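The values are calculated or read from the model by the stated rules, or taken from the named source; none is laboratory data. Fair warning: this is a prediction, and the values are worked out from it, not measured in the lab. Because the Cβ atoms are built from the backbone with ideal geometry, glycine has one as well, and the counts that use them run over all protein chains shown.
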Amino acid sequence: MMIALSPLVRALSVTALLLSLLAFSALSQTPDATTKFRLAQSLEQAGEIERAAALYNELLTKDPSNFMYFDGVQRTLLALKRYDEAIRLIDERLRKSPNDQNLRTLLGTVLYRAGREKEADEAWNKAIAVAPSNPNSYRLAAGAMIENRLLDKAIAAYRRGRESCNDPMLFTMELSQLLVSTMDYKGASQEYLRWLEQNPAQVGFVQNRMALFSYKPDGREAAIEVVRSAIDRHEDIRLYELLAWLYMEGRDFNGAYDVYQTIDRLSGSNGTGILSFADRAFHEGVFDLAARAYKAALDGPLPAQRRPGAMYGYASSLKEMAVMPDTSGENKPDLPLPAPEAHAPYANVLTAYKEVIQRYPRTEFAARSYLQIGLIQYEKEFDLDGALASFDRVKNENPGIATISYEVALKAGQVLTARGDTAAAKARYLAVARAPSATPDQSDEANFRLAELEYFSGRFTDAIQRLDSLSLNLKADFANDALALRAFLQENATTAPQALAACARADLLARQRKNTEAIALFQEIVRKFPQAFLVDDALMRTASLQARSGLYHEAIASYDTLLTRFKESSVSLDRARFQMGEVYELGLKDTTHAIACYEKLLVDHPHSVLVEQARSRIRRLRGDIQ
């Protein structure tokens, strides 16, 4: 049975049907376009550029307004170097959107890559001309130039933009980076000073940026020239800070010191600026200049709360100068030579530390001063009782600083070991090893010292186990000794226990500075255990002790025996050759033989860590360097 529909209902039904068909058509086409676009992207990524270009072009033909399709076509045409097609495509879009800066900038890139450089420049200029007072116009064009490695053109574009926008502070970071890339360090420095003028609190930021070229002599000199010129025009403390930093970068500490004196005067900081320089110079190892700066700060109206630190810094600088008198040239090494340290070189150092204690009792600096006095008494004078007395005073001066008390315990343990009281030394080390508040390095050092005591007493297995438990920081002072002892014990504990026990006794005697007895025992080991792996170590220890005792010819003979007898097996040959050269150089004053030793090291051991030191010694002995 047929139901008659009214004209209105029939019209609505037809409309609904047409809408459904249109919706279905849209749904069926959208997934198809999306699939093709993803396929084109996949082909492009896989290197199938021709096929990708065809798909992108097909999609763009159907949907000319879609920018993603246009971008895909352009990208693949450029990759295929089909520049003429790319230019025609851009021109077509420009006819519809003549003020589109992005299109004009892109046109410049395509023209440049097509080898039409003059037309490329015109395209970029037209892109800028769309909005010549807008800084982003110049950023857009300069970005395209940078992309095409046209750095000089990009620099010119930014400078033109600065003039057109009537803002001399525009593009400082952009220009500075480009000028560094083109090695125009003077221009880059000028831009960084512009930035500093706009951002006065960002001296550190400017230093970090300048560090990209300030390590180069020509870059640093250019920066110094620019900063000094700026100071001549206008005295500004920030400029002086930058200048001082540049001098420090070039290790011109005298120049930096002069600048810091000016900074202190301009800032009215009453010596704190000079004190900051002194701390930096001390950290850099320029101890003579650090001492001068500390003294200058103390001679001025330095605030009371800063004076104890300055006095301690001054005393510590004097100490380092006594240990290493010449900080201007090569640092003199800790040589295995007889140098019974006279009290005189350290008399002024001890006086300076005692003045800190007297003026600022029961402070951290007084405690640290007693620690330093104790170290001088132990390491330089071998006054064991005096050193222990000084260490005991540390706790009385400032019992609340745990880290200092742990340092003291470690040093006191070494003094007690040298005095032969190993039980008391062990107690000191255990206190640090078991302390939860000790630093990791302090805990490791305490365990290393305990392992040494176990070695000295012949408990080699216990020593190895304790050394195996260490998590060494290789920058720690004791790290190399710990690694060497572990390797030494592991090699000899099972193969030659009797020889190792004798070596342990000899090492303890050497620690107690009973050199004659230690030398005799090491020589006995060499005679009695000729097949033991540790014989070359015994010879090295013998030679070192002989040198310290002033037995230079005997030391040379011991080194020579090691170098001859173990020339194929010892791992200490380079060190033996170097130390032999030191004995000739500094003990026997025999320059000819010293140079020969160092040169032999270079030939026989070209990969040794001592090579650079040997070369430096040769140059100095020949008079090449002062």
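Structure data summary
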read-out	value
Hits in the range 441-462 - residues which are over 14 Å from Glu407 (Cα atoms) and either small (Gly, Ala, Ser) or touching a residue at least 40 places away in the same chain (Cβ under 8 Å) (or both)	Ala451, Tyr455, Phe456, Ser457, Gly458, Phe460
Single residue of Leu621, Leu602 found to be in contact with a Ser or Thr (Cβ under 6 Å, 6 or more places away or on another chain) and without any contact (Cβ under 8 Å) to a residue 60 or more places away in the chain	Leu621
Which numbered condition Glu397 fails, given (1) at pLDDT below 95; (2) surrounded by fewer than 18 Cβ atoms within 10 Å (Cβ to Cβ); (3) among the acidic types (Asp, Glu)	(2)
Output for the range 263-278, where each listed residue is surrounded by 17 or more Cβ atoms within 10 Å (Cβ to Cβ) and of a type outside the set (A, V, I, L, M)	Asp264, Ser269, Gly271, Thr272, Gly273, Ser276, Phe277
Any pair with Cβ under 7 angstrom, 6 or more apart, that starts in the range 566-577 at a residue that is free of Cβ contacts under 8 Å to residues at least 60 places away in the same chain and ends at one that is assigned to a helix (DSSP H, G or I) and of a type in the set (Asp, Glu)	Phe566/Asp536; Ser570/Asp536; Ser572/Asp536
Complete set of residues in the range 260-275 that are farther than 15 Å from Leu243 by Cα, within 30 Å of the chain's Cα centre (by Cα) and either assigned to a helix (DSSP H, G or I) or among the hydroxyl-bearing types (Ser, Thr, Tyr) (or both)	Thr272, Leu275
Single unsatisfied condition, Gln626 versus (1) over 30 Å from Pro497 (Cβ atoms); (2) modelled with pLDDT of 95 or more	(2)
Pair list, Cβ under 7 Å, 6 or more apart: the range 199-218 residue over 10 Å from Leu242 (Cβ atoms), other residue surrounded by fewer than 12 Cβ atoms within 10 Å (Cβ to Cβ)	none
Criterion (within 30 Å of the chain's Cα centre (by Cα) and modelled with pLDDT of 90 or more) met by exactly one of Ala352, Ala296, Ala278	Ala278
Among (1) over 23 Å from Thr363 (Cα atoms); (2) in contact (Cβ under 8 Å) with a residue 12 or more places away in the chain; (3) of a type outside the set (S, T, N, Q), the one test that Val408 misses	(1)
Unique residue being in a loop (DSSP other than H, G, I, E, B), surrounded by fewer than 18 Cβ atoms within 10 Å (Cβ to Cβ) and of a type in the set (Asp, Glu) when the list is Asp481, Asp462, Asp477	Asp477
Residue within the range 182-191 that is of a type outside the set (Lys, Arg), surrounded by 18 or more Cβ atoms within 10 Å (Cβ to Cβ), on the phi > 0 side of the Ramachandran plot and in a loop (DSSP other than H, G, I, E, B) present	no
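Here's the yes/no breakdown for (1) modelled with pLDDT under 90; (2) of a type in the set (A, V, I, L, M); (3) crowded, with 16+ Cβ neighbours inside 10 Å:
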{"site": "Leu60", "(1), (2), (3)": "yes, yes, yes"}
{"site": "Asn66", "(1), (2), (3)": "yes, no, no"}
{"site": "Val73", "(1), (2), (3)": "yes, yes, yes"}
{"site": "Leu77", "(1), (2), (3)": "yes, yes, yes"}
{"site": "Ile87", "(1), (2), (3)": "no, yes, yes"}
{"site": "Lys96", "(1), (2), (3)": "yes, no, no"}
{"site": "Gly108", "(1), (2), (3)": "no, no, yes"}
{"site": "Tyr112", "(1), (2), (3)": "no, no, yes"}
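For every residue, the table says whether it meets (1) over 36 Å from the mean Cα position of the chain (by Cα); (2) buried (at least 21 other Cβ atoms within 10 Å of the Cβ); (3) of a type in the set (Phe, Trp, Tyr).
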{"residue": "Lys514", "(1), (2), (3)": "yes, no, no"}
{"residue": "Glu517", "(1), (2), (3)": "yes, no, no"}
{"residue": "Phe529", "(1), (2), (3)": "yes, no, yes"}
{"residue": "Val535", "(1), (2), (3)": "yes, yes, no"}
{"residue": "Ile556", "(1), (2), (3)": "yes, yes, no"}
{"residue": "Leu562", "(1), (2), (3)": "yes, yes, no"}
{"residue": "Lys567", "(1), (2), (3)": "yes, no, no"}
{"residue": "Ser570", "(1), (2), (3)": "no, no, no"}
{"residue": "Gln579", "(1), (2), (3)": "no, yes, no"}
